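Inspection log for the structure reproduced underneath, given as structure tokens.
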Amino acid sequence: MTFTATDLCEAPTATATFTVTPATPVVITTPVATTVNACDFANQAALDAAFQAWLATASVTGGCAPVLTNNAIGAGTLCTGGAVTVTFTATDLCQSPTATATFTVTPATPVVITTPVATTVNACDYATQAELDAAFQAWLATATVSGGCAPVLTNNATGAGTLCTGGTVTVTFTATDLCEAPTATATFTVTPATPVVITTPVATTVNACAFATQADLDAAFQAWLATAGVTGGCAPVLTNNATGAGTLCTGGTVTVTFTATDLCQSPTATATFTV
């Protein structure tokens, strides 16, 4: 600036300077663009805390004590994931620059339950109820689960049912996970044995005079016993309580009880042999 003194006889001048140093540019340092995995957090609150810590890494330099703000309203939902773009604004005396950064949540993959294959077994394939129960437990163990965040697989099975009566058991499998708890069902069926049926010898009357000896009568009696048969069940064993045909010379009637001993049944039936 030039100063001039105007007078009667002279007009000298002189100069002086007044300098204004401008503020340095305002520079926003945004958080590093970040992607996190939903499975790394125990709950929504833990994700929100991580998001707030990420926001706090933003900073600003230059200007005249600029105030840094952002428009963030949250990290998004833990279970659905997605990207949140945050705008940071530095409000200063002369400048209000903005900058953006993204915070992305990768959601868990869907939880998928692979159930055991629907299975039908035959009661006759097992010697005891315990063997059936063991087969049922092995069948349950073929269920698996994938996806999610380390889901825990459970089921509501209480047992395979009763060996001798059979039937179908429907089991529900549940995968409990951070964000979901899907269910799936599978069936285990026990086909019971068919009923045991004894075919007894036909009630028979013979004449003592038709036999030469007691041995001949005894042989005829054994042949008569041998006509008994059994069907159904699980390979039943047929026995009888016969002790003999009686005495040739005195005759009489012998009632024989036949018993079919099987896995689940032991029916009896009778037949008579009369001399």
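The values are calculated or read from the model by the stated rules, or taken from the named source; none is laboratory data. Owing to the predicted nature of the structure, the values given are computational and were not obtained by experimental measurement. We place every Cβ from the backbone using ideal geometry, glycine too, and count neighbours over all the protein chains shown. We work out accessible area using only protein heavy atoms, side chains counted, and drop any ligands, DNA or RNA first. Shrake-Rupley method; radii C 1.70, N 1.55, O 1.52, S 1.80 Å.
Worth pointing out:
- Table column - 3J(HN,Hα) (Hz), the range 248-263, Karplus curve with 6.51, -1.76, 1.60, x for Gly and Pro: 3, 7, 9, x, x, 10, 10, 9, 10, 9, 9, 10, 9, 8, 9, 4
- Mean silhouette area of the range 133-273, derived from the convex hull of its C-alpha atoms and averaged over all directions, reads 10.6 nm².
- The amide H of Thr270, built 1.01 Å from its N in the peptide plane, has Phe258 as neighbours under 5 Å, considering only residues 5 or more places off or on other chains.
- Within the chain, Cys9, Cys64, Cys94, Cys209, Cys249 have no other Cys Cβ under 4.7 Å of their Cβ and so lack a disulfide-compatible partner by this rule.
- Summarising the overall dimensions of the range 58-124 from its C-alpha atoms, the Rg and Dmax are 25.4, 92 angstrom.
- The apolar share of the surface of the chain, taken as the fraction of accessible area on carbon and sulfur atoms (1.4 Å probe, ligands and nucleic acids excluded), comes to 58 percent.
- Averaged per residue, the range 6-60 has 70 square angstrom of accessible surface, using a 1.4 angstrom probe with ligands and nucleic acids left out.
- When nucleic acids and ligands are ignored and a 1.4 Å probe is applied, Cys94 ends up with an accessible area of around 110 Å².
- Note on the range 1-84: the alpha carbon radius of gyration divided by the globular reference 2.2 N^0.38 Å gives 2.35.
- For the chain, the relative contact order is 13 percent, taking Cα pairs closer than 8 Å that sit 6 or more residues apart in sequence and dividing their mean separation by the residue count.
- Here the scattering of the chain is modelled by Debye summation over its C-alpha atoms, one equal scatterer each and no solvent; at q = 0.13, 0.15 Å⁻¹ the log10 of I(q)/I(0) is -0.97, -1.07.
- Other residues whose C-beta falls under 15 angstrom from the C-beta of Ala108 contribute a net charge of -3, scoring Lys and Arg +1 and Asp and Glu -1.
- Extending 7 Å from Cα along the Cβ direction at Ser96 and again at Thr205 yields two label points whose distance is 12.4 nm.
- Nearest-20 debye value, the chain charge dipole, Cβ charges on Lys, Arg, Asp, Glu: 500
- The phi torsions of the range 130-147, fed into the Karplus equation with coefficients 6.51, -1.76 and 1.60 and a -60° offset, translate into couplings of 4, 5, 5, 4, 5, 5, 5, 5, 5, 5, 4, 5, 7, 6, 9, 9, 9, x Hz, rounded to whole numbers, with Gly and Pro shown as x.
- Cα point-scatterer Debye curve for the range 47-165, base-10 log of I(q)/I(0) at q = 0.10, 0.17, 0.19 Å⁻¹: -0.57, -0.91, -1.02
- Only helices enter the 222 nm calculation for the chain: every DSSP H run of n ≥ 4 contributes -39,500 (n - 2.57), and dividing by all residues gives -4000 deg cm²/dmol, rounded to 500.
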